[in-house]
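Here the structure is laid out as structure tokens; the discussion comes afterwards.
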Amino acid sequence: MTIVDAPEVNPDALELIAEACAAYPGRLDAFARIHPWYGDESLALLERAIVELGFKGLKLHPVTTIAHPAGEDTLRLIRKAAEHSAPTLFHCGDEPLATPLAVARAAAACPEATIILGHMGGYAHVDEAIEVAERHPNIVLETSAMPYPDKIRAAVGRLGPERVLYASDGPACSPRIEVEKVRLAGLGKDAERLVLGENAKRLLDAVS
Amino acid sequence: MTVDSLTFVGESISGAKASAEELLSRLDEAKIDRAVVCPLKPRSSLLEEANDIVAAAVRRYPDRLVGFARVDPNLGDDAVRELHRATGELGLRGLFLHPWEETFRIHDPRVDPLLEGLTVPVIVAAGYPWLSEGLQVGELARRHPGVTVVATNGCQLNISGLGQVDAELALAGNANLAVQTTGVYREDFLEGVAARFGAERLLYASGFPFFDPRLEVLRVRWAPNLDEGARRLVLGGNAERLLLG
């Protein structure tokens, strides 16, 4: 995904990602990072990304867009993604608009959608992320940047190994270190295999 | 030599706890030689007790541990007296301030009496909103140019990276400010600090038991864009010079 919110800053953002993924088939899958405030234009961008360009999910960053996760503009995008069984990945950390409780409002409003909490709550909201995931079965936690290996183990223990996804947030974070973080969690071979790849593959393969 | 420039022992009111033996065991696993050890905030909230625990740990393992004293600036003269007791009678080698857990602004005037004339370094728990943001820590360093101020967490603690610019501004404006690697997931930020401000101003730290030294030390050992001289400084040379005395 890009680090800007289409259609802002770079109007060719989706094409940029589509070209990168096309250059490495089987290695890269695209998520469309979209600004919810553009109404029907935002919806059309997402539809085109999934149907025409083969994108696998929606990425939302409420801190850069100042769009609340449970705002109507955002919910329309999440529901559109869910029509294609595509998950929505939220930046989820320690700032207003992006806390687990805020994102959980979107998960409650769109029970048909898979909602991924990126960074699984950041530095200070990790326990809150696990708690909202316990309450909402359509929430999945993603491990990038969050610096506590033992919290990955706690999440797997409380939610099951199918609801935790490894991610690196690269290039901001080192994939090498982020993988090692999951290994340090000591999940056991079967759970580690799910977290490090099989869960993500299952989600991506379901998109239609 | 590898030095973990921030660890804790004791039993915290928040539930975290670690004995000196647990700390050393985890350091051994991560192949870390020495550590700066600070007090956790005890259930009693009496930091004198916590300083005594740190001093006892250092007495048991003088070749591995260097102790820092923790005081609460809200207590005014009592905090100054405790700092003198801890750095004198107890032999602790620096000051640790935690604005979040003791609830004070790091640049509140009540902090100044602790730093005036101070000859030992200060570690500040940094990056906490409202209380120890990057520029706020920078303001403390500006007011006390003769004191070495070391900020935890890269002087910013934000999963979006939103505090990085203010941390860099604080470093740019204050030569007496250095930052630790504690929990900083952004390797480009860590390498950028070394490149722009000098590797002399970046110190490896784990923050054990809040963070895991086995993971935290990799942020430096595996950083691809640090040359070997810089890596040695960050892993231990800087801590030896600035904190171990």
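Any read-out appearing in this document is the output of simple, stated calculations on the displayed coordinates, not a laboratory observation. A quick note: this is a predicted structure, and the numbers were derived from the prediction, not measured. Heads up, the Cβs are rebuilt from the backbone with ideal geometry, glycines too, and the neighbour counts pull from every protein chain shown.
On C-alpha positions alone, give me the angle between the axis of helix A:40-51 and the longest principal axis of chain A, in degrees, nearest 10.
70 degrees
With the cut-off at 21 Å, report for the range B:126-245 the share of all Cα pairs above it, as a whole percent. Don't skip to the end; give the middle numbers.
Details: 2162 of 7140 pairs.
Cα-Cα pairs of the range B:126-245 separated by over 21 Å account for 30 percent.
For the range A:48-75 and the range A:2-17, what is the centre-to-centre distance using only Cα atoms, to the nearest Å?
Going from one Cα centre to the other spans 12 Å.
Under a cut-off of 23 Å between alpha-carbon atoms, report the lysines in cross-link reach of A:Lys181, not counting same-chain residues fewer than 8 places apart.
Straight-distance partners of A:Lys181: A:Lys151, A:Lys189, A:Lys201, B:Lys17, B:Lys31.
With only alpha-carbon atoms in the gyration tensor, what are the semi-axes of the equivalent ellipsoid for chain A, in Å, largest first? Each step should come with its number before you reach the end.
Numbers: eigenvalues 129, 74, 47 Å².
They are 25, 19, 15 Å, listed from largest to smallest.
Work out, in µm²/s and without decimals, the Stokes-Einstein translational diffusion coefficient of the range A:1-66 at 4 °C, 1.567 mPa s, Rh from Kirkwood over C-alpha pairs.
Values: Rh = 11.8 Å.
Once the numbers are plugged in, D ends up at 110 µm²/s.
Please work out the ratio of the alpha-carbon Rg of the range A:74-158 to 2.2 N^0.38 Å and round it to two decimals. Provide the component values of the computation, followed by the final result.
Working: Rg = 12.0 Å, N = 85, 2.2 N^0.38 = 11.9 Å.
That ratio works out to 1.01.
Debye sum, Cα scatterers, chain B, no solvent: what log₁₀ I/I(0) at q = 0.07, 0.09, 0.12, 0.17 1/Å?
Normalising to I(0) and taking log10 leaves -0.19, -0.32, -0.59, -1.28.
Tell me, what does the Kirkwood hydrodynamic radius of the range A:58-119 come to in angstroms if you use every pair of distinct C-alpha atoms? Write down the numbers at each step before the final one.
Numbers: mean 1/r = 0.0906 Å⁻¹.
For the range A:58-119, inverting the mean 1/r across all distinct Cα pairs yields 11.0 Å.
For chain A, with a Gaussian network of springs between Cα atoms less than 10 Å apart, report the residue from A:Ala167, A:Ala185, A:Ala155 with the top mean-square fluctuation.
Sorting by GNM fluctuation, first place goes to A:Ala185.
Please determine, in degrees from 0 to 90 and to the nearest 10, the orientation of helix A:13-23 with respect to the longest principal axis defined by the Cα atoms of chain A, where the helix direction is its Cα long axis.
60 degrees
How large is the convex hull of the C-alpha atoms of the range B:80-135 per residue, in Å³? Don't skip to the end; give the middle numbers.
Working: hull volume 4.8 nm³, N = 56.
Here the figure is 85 Å³ per residue.
With viscosity set to 1.002 mPa s at 20 °C, what whole-number translational diffusion coefficient in µm²/s follows for the protein assembly as shown from Stokes-Einstein and a Kirkwood radius over Cα pairs? Please report the intermediate quantities before stating the final value.
On the way: Rh = 23.0 Å.
It diffuses with D of about 93 µm²/s by this estimate.
What do you get for trypsin sites (Lys or Arg not before Pro) in the range B:136-234 restricted to DSSP loop and a cutoff of at most 12 other Cβ within 10 Å of the site's Cβ?
Working: sites: B:Arg142, B:Arg143, B:Arg186, B:Arg196, B:Arg201, B:Arg214, B:Arg219, B:Arg221, B:Arg231, B:Arg232; in loops: B:Arg186.
Passing sites in the range B:136-234 do not exist.
Quick one: Kirkwood hydrodynamic radius for the range B:59-166, alpha-carbon pairs, angstrom, one decimal?
Numbers: mean 1/r = 0.0701 Å⁻¹.
The answer is 14.3 Å.
Quick one: helix A:72-83 against the long Cα principal axis of chain A, what's the angle to the nearest 10°, folded into 0 to 90?
Helix A:72-83 and the main axis of chain A meet at about 80 degrees.
Specify which residue in the list A:Ile66, A:Leu16, A:Ala81 is farthest towards the positive end of the charge dipole of chain A, using unit charges on the beta carbon of Lys, Arg (+1) and Asp, Glu (-1), about the Cα centre.
A:Ala81
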